[in-house]
Structure formats: C-alpha cells, structure tokens
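Beneath this line is the structure, given in structure tokens, with notes to follow.
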Amino acid sequence: MNKPIPTSADGMSRVDGRAKVTGAAKYSAEYNQPNMAYAVLVGSTITKGTVATIDTKAASAAPGVLAVLTYLNSPKVPGHIPTKAQKPSSKSGPLKVFYDNKILYNGHPIAMVVADTFERAQYGASLVKATYNKEAHDTQPPKNITQGVGAWGGKDFTKGTVDAWKTAPIKLEQEYTHPSDVHNPMELHAIIARWDTPDKLTVWDKTQGTQATRDDIAKAFKLKKEDVQVNSQFVGGAFGSALQVWPHEVAAILGAQVVKRPVKLVLSRPDMFTSVGYRPYTWQKIGIGATTDGKLVGITHEAVGQTSSFEDFAEGPINTSKGLYASPNITTRYKLLSLDVNTPTWMRGPGEATGAFALESAMDELSYALKMDPIDLRMKNYAKTDPDNGKEYSSKFLDEAYAMGAAQIGWENRQAQPRAASQNGWLVGYGMAGGMFGAYRDVAVIKAMMKADGTLTIQSAVSDIGPGTGTAMVLIAANKMGIDAGKIKFEMGDSSLPDAPMQGGSATVSAVGSAVHDACTVLKEKFQQLMGNGGTDKPDYVKILKDNNLPSLEVLTKSAPGPDNQKYSMQSWSVHFVKVLVHPATGVVKIDKVACVADCGKIISPKTARSQVVGGAIGGIGMALMEEGIIDHRYGRYVNNNFADYHVPVNADIPQIDAMFVNKPDPYINPIGAKGMAEIALIGMAPAVANAVYNATGKRVRDLPITPDKLI
Amino acid sequence: MKQFQYIRPASQAAVLDAIAKSGSKIIAGGTNLVDLMKKGVMSPDKLVDINSLPLNTINTSPKGLHIGALVLNSVLSENSLVLDKHPLLSMALKAGASPQLRNMATVGGNMMQRTRCAYFYDTTMPCNKRTPGTGCGAMGGYNRMHAIFGSSPQCIAVHPSDMCVALAALGATVTIAGKKGERHIPFTEFHRLPGEHPEMDNHLATGEMILGVDIPDNNFAKNSYYLKVRDRQSYAFALVSVAAALDLRGGVIKEARLAMGGVAHKPWRLFDAEKFLAGKAPTEENFNKAAQLAMQSAKAYEYNAFKLKLAPATIAEALKHAGGLA
Ligand SMILES: Cc1cc2nc3c(=O)[nH]c(=O)nc-3n(C[C@H](O)[C@H](O)[C@H](O)COP(=O)(O)OP(=O)(O)OC[C@H]3O[C@@H](n4cnc5c(N)ncnc54)[C@H](O)[C@@H]3O)c2cc1C
C-alpha cells in the first residue's frame, strides 16, 4: 500500500549530494588529529542531590587512561556559557560542567575519562564509582498542572475581551498534551578540541552556528574571538539541538587542556537524551467559541511548558493562537514548569508546532460542533491582516494553499461524519491542519570572488545542517551572475569566513541568500563598470579579467533587512492534508497519503525544497504517532533512550508525500522573495494526522503520540 | 567494554569444550550479544564463535523440515521449502527486526535473544533477570511492553521473538547438543516462565548448544497468518503478536494452533482456544469466543492494561485472516 517516495524532482541536485552518499563528506567527529585522545562522559545515576564521594582510582589506573576529570580536579571555566533565557532569571543558568558536586538531573555529567583510545576511555568510564546524598526529585508534570506553576513564560496577552469564547453560542474547551520529543538527529553530537597554544583554540564541532559557538566558547574561556576557530563543515541533522554550546563541548575543551592533546568527544545515543535539549512536554488548554455560522468569537490558549530547575527555556506555543485566525478576541497565557530534568531547547517548529497541535485540533473539533467543513471554517476566519498587531502581511496566499492541498488529497472524498468510511476492513479518515512561522531576515556578509578561469567562489561562515544551503546559494549566484552552477563553489562551516547568523528559525536562505544575491549584484556591476558603456547584461568575466590584467575580482558585501521588515507582518504558511487508514480492531494507524503545501515566497531550489517539506512531514508523523521520551519518574531516568525504543518513523510508515508550493515571491522580505520553510514543513502536521484519525474513528486523541492502545 | 577472548573453533566438539566453562558465551550473528556487552549487561570472558560449524542447512527429513541453528533469519524467511510448507514462519520472520538485522541474526541466536525490558538493559536499575535479588524495576515502573500471562513477582518481562511464536505454534522440536550427547525437546518447553528464577530464560543448560529445530509436516500452509501489532510498521517489537494456523477441511476446523508474542516470558500457546476451535466452523463468532477463552488467566499492570483488549482483538483478527474471513 505504501508507495515509494518519488526519487526525482525538478531542479538541480545537491551540490554536496555525491560527497554525502559516498562518504566523502567529513563530519566533525571525522577530523582526527595527530596524537588525539578520546573522552567519555560519566553521568549521574541519581536525579537530585550531591555527589558524596567519587572514586576515580580504578579508572585512572586502567590501561590507556590519561586523565579523569571531576568537579574535584577539573580546571575551572573562567566565564561559563552565557544563558539563553529570554529574561533575567534567579536560576543559576546553563549547566556548569565539573563545577561543583550538585546533581541537577539524571545523567548530569559527574566525570570524564580521557584515554588514548575510545574503547579504553569507555572502559575507564565504567570504573568511575560515585556515592550520592540523594534528595527527593520531581520529574513528572503534575496532574493538576496549572497549580504550582508560577514561573515566567512570557506576558499574558489579550486582544479584545478576556476569555470571550465563553460567551459564544458554539464553544468548547479541551486540554492537549504532548510528551518531550528528543531531536535525535542521525549524527551524534561530537566535538574535537585542540589547543594550538595556551590561549588559542580550534574545534571541529557539530553546530548550527560556527560564529555563535565561537563567541560563546570565547566568552566561557575568556579568549579573544579571533583566537577561537570553529569548523563545522557538514552537519548530519540537528533540528535545533546544535543551536547552543552544551556542557559536553566545554568538557572536551577542558579535557584537551588537561591532557595537552587534542580530544575527541562523541555523545552516545543515550547521552543525546540528556545532553542537547529536547522539545519540552507541554500542556495546553484551548477555549474556542464561534457564532452558529462559524465566525470566531474568541480563542483562549493556555500553555505550560516543562523546563529545568536551573534554566528557563521559553518558546512560543501560544503564538499560533495570536496570529493564525481573525478572531476578535484572543487571550493567551503561558507559564513554565520547573522539573529536575535537563533543559529543553528549540526543536523544529519550536513552540508553533506545539501550539498548532492544540489550536488546529480545537479548530477541527469546532468544525464538527458547527457541522462545517474544516476548510470552510478556516476560510470564514481567514486573517487578512495580522490579528496580533494589525499589521499588513508582506504576502499571504494560504487560501491558495488550502485549495491546492484539498485538490491533491481528494478532499471531496472525506465524509463529514466520523467513522463513516472504510476500505478493505480499515477505517478511512481525512484531516487537515495548517501552521505559520515568522519569516525573518538577519544580517549576513558574503565574500564573492571571480577568478581568471571563470570560477566563482562564495564564502560564508554559515553551517548547513542538511536543508541544502550550499545548493540554494549556488543557484542564487548562478542566476544573478548568469553563469553555470558547476562553476560556482560555496565555502562555509568555518567561523573565520564572513559573518553569518546561526542556521535556525528557517532564516538562512533569507539572510545568507540575500547576501549572496547582493554580493553577486555588486560584483557583476564591477565587471560592467570595467567594460565601460554601461556594460551588457551578460559580461564575459574571463575576458574582462584578462583585458584588465586582473587575476581575480572580489567583493565583500553586507546585506541587512530594511524598514519593510518592520513595517509588514512577515509569515510563512503551510497546510497539511492527510489520509489515514485505521484498523478498527487493533488500532494500528497507517498514513495512506499526504499532501503538503507551503506558502513561503519564491522557491529557490525546488529539489531541496521538496526534500525539506517531505522531511518536515515525516517529523510531524513521528510527533503524531510515535515520538515520546519516557522517564521512569521513580528514578527520574529515561527508559527508552535508544533507537529501538524511541520510535521515529521508518520507511514502512511513510507513504507518498506530495510537496507543493504556492511559489509566489514575497515583495518585501528581501531581494530574492524567499521566506523560510523548514519549520512550517513540520508545524501543523501532527494535528492534521490527529484530525484524520478522528475522522476515521470518531476518537479524539488529545495526548500525543497516537499509539494503537489509544484507539482500541 | 571489558576485555574478552575470542575463539572460532572448527568442530562441534571443540565448541562444546569451550563453552563448558561458565563465563564462555556462544556468539552467532552477534546482533543481541554485542549490544548487551556494550551495555555491560552481559560480560563474558570468552566468545566462542560458532560460525565455522556446518549448521546452516535447511532440508527435509523424516521428522519434517530441519533448520540448522546458524541459518540466517533472512535466508529462512525466503527459503522455498519454508514458503511452501510453513508460510507462517516466513511471515513471522519478516515481521521481526529490520532487513539488516535479519541478515545477521541466526535461528539459534533468535531463540536465545534476551528480553528487551528497559530495566534489564540499564545496569543502574533493579532487575532480577540481570542481577538476581535486586528486584523487578518494571513491576511498579514503565511496563507498557510487559507480560500479561505467566509472570511472577520476580519478573514481568516478555520474550521478544517473532520467529519463536511461529515455531511454538507449528509444534517444532529443538535439538540440543551437550557433552553427554544430543537431546530433543518440544519448542513449547524450550523457553520457561520466570518463576523464582527469572535469570534463566530457557532450559538450555550451561555447556549445551542448539543444533537446530525440526518442524513436523502439517496441513496449515493454506490457512495460517502472523499478525503483529506494533507502534510502527517495521523495526519495532510486538505490543502483541499472534500466530494462527488452521487445518481447515470441508468447512470445519480439524485442528487449530495459536501462539502469542509480546505477552509472556515465552512464546504463549493458547491451548484452550485451540481446543475450543477444533471441530468448529471458521466463523467470526467462534473466533471471537476462542479469543475470549485465551484471555482467562491474563493479568495486567499499570501501563499494559490495553493488552487485555488488544490481545483478544488481535487473536480474532489473525484467525479471520487465517480462516479466509479477512
Ligand atoms: C533494534 C533491534 C530490533 C529487533 N527487533 C526484533 C523483532 O522485532 N523481532 C524479533 O524477533 N527480534 C528482533 N530483534 C532481535 C533479533 O532477532 C536478535 O538479535 C537475533 O535473532 C539474535 O541472533 P544472533 O544470531 O545475532 O544472536 P547473537 O547475538 O549472536 O546471540 C544471542 C544469544 O544467543 C546465544 N546463541 C546463539 N547461537 C546459539 C546456539 N546455536 N546455541 C546456544 N546459544 C546460542 C548467544 O550465546 C547469545 O547469548 C531485534 C534486534 C535489534 C537489535
């Protein structure tokens, strides 16, 4: 039944595709250095308390072990990693590794063994023995979650009347939860740290921002920025987990300091659950009301998100309700719940994917209460200006996206009545849901250099975590310069290259792509000036360089957002349509067909854009049906921290996914007309699945993931 | 990982010599043992690689179909004799693990694979199976994947195999070799219930090895089905699985075989349900009754109560497929 995903799509293939599939692409852990040592972390086996004793004798004496670091003997980090919390907090901030004997969560690093081989470091780590003074811990969100949470999550928001939904003739109020989801990119987080001199450091590190990592490491170790070199040539997925510097990175740098050799540290899969963040467990409640003909009267969206006891991580689950529909009255409240866990972080579609699950499920519930088609309900409340702030949109074609997706999935086959259709003994259901995410543009600098042989080199410090950044940049440059893409080389993943923002928030093409566009524009103009007479639109670069006796011509161009980026509300939009089959006896859900439409401005690289949407949809299917980080709260410890037990979709779970684009340039966001698309590819997918499951079965699952036991 | 020795003897006698000492472990495909060693759950002093032994044949014998202990799960699932005579076994094999794992996994290793209980795998947690006397972490913990039949206060783990569920249903026998010679035991008596000794998964004694299994000829080929319910469509252990085989003649069930996976410390034969079905017509009503009968001794824990509903539903569904009603 599952059709394979088509392998071909229009457009240029990835510039680094061959290197990736042949193994020629080198990831951070593969930059082995001469005389390199290996580090393995030892995590606490209790959840809260202090280390009473820590015995490292056996480990230190084990063959090949060079050093065992603990809070007792580790050099202190002069500055520590600065907090990412959005507001000043009384909490102590990012974990300070090997700093004191406090245990803040299960798996808190208490020691690191450095040895001459990985196996010996691992064996040494198994010999480190600690005793603890245990304190009572709490890792479980309470049943009555709104009680006892007071921590900051952002200001309450009201537009119009508070909780106006309660006055509507048709209304409902429901609670929704999703568990903590762990990013789990295929590539394990890894770092190789090498001190070149006592105050000069080079790292090969998995990061979404070479310069942000450079700056944070420089601050922590009180080094000059220019004395920290960060390389991150290829990144094997990150989804947000590599947007900040984590304790293991600091630990590896400390280890290299102690053993005076380059040190490699690769997290294990279980480490990935407690070391590099996750999408936090979030409880949400939606109150929503409409007139009998489906005009929204009000939406109230409350959310409580999990964070750690030592750091406040807040995101935007309630933003979706502020902006997706033209409701005259909107109330949002968002709080944090502190537990004895590691700190969460942004994960693809951060906040909005969470919020969309609640809001778009509630909209679906409302559509049944109104006996109205879910698309009609959305069109009835279509926002023509931003409900949050009244601004005009820079562009919005979500209505076209609804129509495209509905046609592709065969929406006319959907039964308005749940549990009304079946096919070969399976219940059939259709569902849809949408999402939005802010479209951003940051400052970026590009160096572009045309050489005598007619090849163009473009440079940026940006990382590519997998979307095909290099491919998009080459296409933009080829288009602007009017030369063959094969003649263009994009160099990146190196903090010493021209400034670029982190790869996050779906903003890389908008920021770096615009800078490539601008740099190429300037470079081309230079050539045209050299030609005289205003030049032609197709300069012969090789000839001009030769005629002018120039070995090459280069520009360094800074590209920045303008006043339009403030004037308009800029958003990317998506809608997902899903057809599911649900087995009535066993509760098994099979995704039968998916159609996703993105309204994200101009599509720069059709092939990688399609992959981006397919990947996001698959992530959303995982969120809907299977992802769940499970902690045994008696111990505060994960019981499924591996790929056999933490389920992500496999090929057999994934049907054909049709990825479509409205593909209309945004006139205001940037010179290339492209908005972000990574986050919206996932946002809205989980509720689309949940809504389809309801249509198939008549069962509304409000607590993700939708596993078979919840449907029987 | 602890240091260990590795040997690859050329003869069965040499293997039996090598495994006589406790601390020695046979390694076949290594897909389970190596993981357990990396986790520190098992730490043998010596690995005895049996891959030089001639135990990878599938052939017909007077006893039915003989399958050597080293036959790969992937090879077995595609073998024409198996597809022809015992398609149930092929279906069960293909429902297990992933193609990559099946390409390494052997019949003997599959039978001997250890439970996937999270508490067994995490050496910081209590587990009577891993470390007798430490308690059962799963009993009051996260026990969604755990047993509803035949558990004991010491252990509620399940045997994770799919292949074994089919072999139990098909009434295979196991051939075992030890220093004292060969012995044969029914497949259904190979694995054991946890009782007071959950550290023992089965009745293979120290110093013994599995040579192979034999499946007697039967009339089930046309009417058998393996149904595995899991959290994703591939590469996941069973929440509940059912092997159903019917000998249907003239609209009457002459004999029925039913076994379940994911519900007990061993592949769980449903003898009462089988008895009930014998002589009956293959109707949905009879299948549902059989499914209810099968559940009589079931007992659930905090997170696996859904199995009380899922198990009979899966039995009935598997029977419908086997009986040609679905
Ligand atoms: C991620 C993952 C998912 C999986 N999913 C499934 C699944 O869905 N269904 C399923 O059924 N299985 C599943 N498996 C388990 C897989 O089937 C087993 O790992 C495999 O069958 C073991 O065979 P092996 O030859 O690799 O055994 P090994 O790892 O080599 O050995 C396992 C044990 O058997 C013993 N042994 C091996 N051969 C003999 C012999 N001839 N005599 C005596 N003792 C012997 C060894 O000493 C060892 O204790 C999964 C495994 C993994 C890692």
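The values are calculated or read from the model by the stated rules, or taken from the named source; none is laboratory data. Note that the structure is a prediction, hence the values are computed from the model and not measured. Positions of Cβ are generated from backbone atoms using ideal geometry, with glycine treated the same way; all protein chains shown enter the neighbour counts.
A few remarks follow.
- Members of region B:201-258 that are within 11 Å of chain A (Cβ to nearest Cβ) and polar (S, T, N, Q): B:Q233, B:S234, B:S241
- Set B:R144, B:R102: member being charged (D, E, K, R), within 13 Å of chain A (Cβ to nearest Cβ) and closer than 30 Å to A:D271 by Cα: B:R144
- If you filter region B:1-27 down to residues that are of a type in the set (K, R) and exposed (fewer than 13 other Cβ atoms within 10 Å of the Cβ), you find that the one that is nearest to B:I50 (Cα to Cα) is B:K21.
- Taking the conditions (1) away from chain A (no Cβ under 14 Å); (2) over 30 Å from A:F118 (Cα atoms); (3) more than 9 Å from the ligand (Cβ to nearest atom) in turn, B:N73 satisfies each one other than (3).
- Among all positions in region B:30-45, there is no residue which is aliphatic (A, V, I, L, M), assigned to a loop (DSSP other than H, G, I, E, B) and more than 12 Å from the ligand (Cβ to nearest atom).
- In region B:140-163, the count of residues that are out of contact with any Pro (no Cβ under 7 Å at 6 or more places or on another chain), within 18 Å of B:F190 (Cα to Cα) and in a helix (DSSP H, G or I) is one or more.
- Residue in region B:315-323 that is within 14 Å of chain A (Cβ to nearest Cβ) and in contact with a His (Cβ under 9 Å, 6 or more places away or on another chain) present: yes
- A:Y668 outside any loop (DSSP other than H, G, I, E, B) and away from chain B (no Cβ under 13 Å): no
- Any hit, region B:214-222, residues being closer than 20 Å to B:K94 by Cβ and without any contact (Cβ under 8 Å) to a residue 40 or more places away in the chain: yes
- Residues of region A:614-653 classified as touching a residue at least 40 places away in the same chain (Cβ under 8 Å) and more than 11 Å from every other protein chain (Cβ to nearest Cβ), total: 10
- Odd one out for A:P247, checked against (1) surrounded by fewer than 20 Cβ atoms within 10 Å (Cβ to Cβ); (2) over 18 Å from A:N32 (Cα atoms): (1)
- Every test in (1) more than 14 Å from chain A (Cβ to nearest Cβ); (2) within 11 Å of the ligand (Cβ to nearest atom); (3) in a loop (DSSP other than H, G, I, E, B) is passed by B:P54 save one, and that test is (2).
- Residues that are part of a loop (DSSP other than H, G, I, E, B) and closer than 25 Å to B:Y226 by Cα, drawn from region B:164-191: B:L170, B:G171, B:A172, B:F190
- Residue match in region B:131-138 (condition: crowded, with 24+ Cβ neighbours inside 10 Å and under 13 Å from B:D201 (Cα atoms)): no
- Pairs are defined by a Cβ separation below 6 Å, a sequence spacing of at least 6 or placement on different chains, a first member in region A:693-712 that is facing another protein chain (nearest Cβ under 8 Å), and a second member that is surrounded by fewer than 19 Cβ atoms within 10 Å (Cβ to Cβ); the pairs so defined are A:I712/B:K309.
- Subset tally (residues that are within 29 Å of B:A97 (Cβ to Cβ), away from the ligand (no atom under 16 Å from the Cβ) and in contact with a helix residue (DSSP H, G or I) (Cβ under 6 Å, 6 or more places away or on another chain)) for region B:258-286: 4
- So B:L239, is it touching a helix residue (DSSP H, G or I) at 6+ places or on another chain (Cβ under 8 Å) and either more than 11 Å from the ligand (Cβ to nearest atom) or assigned by TED's automatic domain parsing to the domain that holds B:I315 (or both): yes
- Residue in region A:642-653 that is assigned by TED's automatic domain parsing to the domain that holds A:V613, more than 25 Å from A:P317 (Cα to Cα) and surrounded by 21 or more Cβ atoms within 10 Å (Cβ to Cβ) present: yes
- Condition check for B:R114: within 15 Å of the chain's Cα centre (by Cα) and of a type outside the set (S, T, N, Q): yes
- Residue within region A:654-663 that is hydrophobic (A, V, I, L, M, F, W, C), in a loop (DSSP other than H, G, I, E, B) and within 10 Å of another protein chain (Cβ to nearest Cβ) present: yes
- Residue ID - nearest to the other protein chains (Cβ to nearest Cβ), chosen from residues in region B:105-121 that are assigned to a helix (DSSP H, G or I) and more than 10 Å from the ligand (Cβ to nearest atom): B:A118
- Qualifying residue in region B:78-92 (condition: surrounded by fewer than 21 Cβ atoms within 10 Å (Cβ to Cβ), within 14 Å of chain A (Cβ to nearest Cβ) and of a type in the set (S, T, N, Q)): no
- Residue in region A:516-529 that is modelled with pLDDT of 95 or more and of a type in the set (G, A, S) present: yes
- Within region B:180-230, if we keep just the residues that are basic (K, R) and within 14 Å of the ligand (Cβ to nearest atom), the residue that is nearest to B:L88 (Cα to Cα) turns out to be B:K228.
- Sole residue being touching a His at 6+ places or on another chain (Cβ under 6 Å), modelled with pLDDT of 95 or more and more than 16 Å from the ligand (Cβ to nearest atom), chosen from A:G636, A:G622, A:G616, A:G601: A:G636
- Residue that is farthest from the other protein chains (Cβ to nearest Cβ) [pool: residues in region A:586-613 that are part of a strand (DSSP E or B) and more than 20 Å from A:V689 (Cβ to Cβ)]: A:G601
- Residue in region A:567-585 that is over 21 Å from the mean Cα position of the chain (by Cα), more than 10 Å from chain B (Cβ to nearest Cβ) and assigned to a helix (DSSP H, G or I) present: yes
- The residues in region A:86-117 that are surrounded by fewer than 16 Cβ atoms within 10 Å (Cβ to Cβ) and closer than 30 Å to A:R261 by Cβ can be counted, and the count is 3.
- Yes/no for B:A291 being touching a Gly at 6+ places or on another chain (Cβ under 7 Å), in contact (Cβ under 8 Å) with a residue 12 or more places away in the chain and within 28 Å of B:M145 (Cβ to Cβ): no
- Failed condition for B:V82, given (1) within 8 Å of the ligand (Cβ to nearest atom); (2) among the β-branched types (V, I, T); (3) under 25 Å from B:H321 (Cβ atoms): (1)
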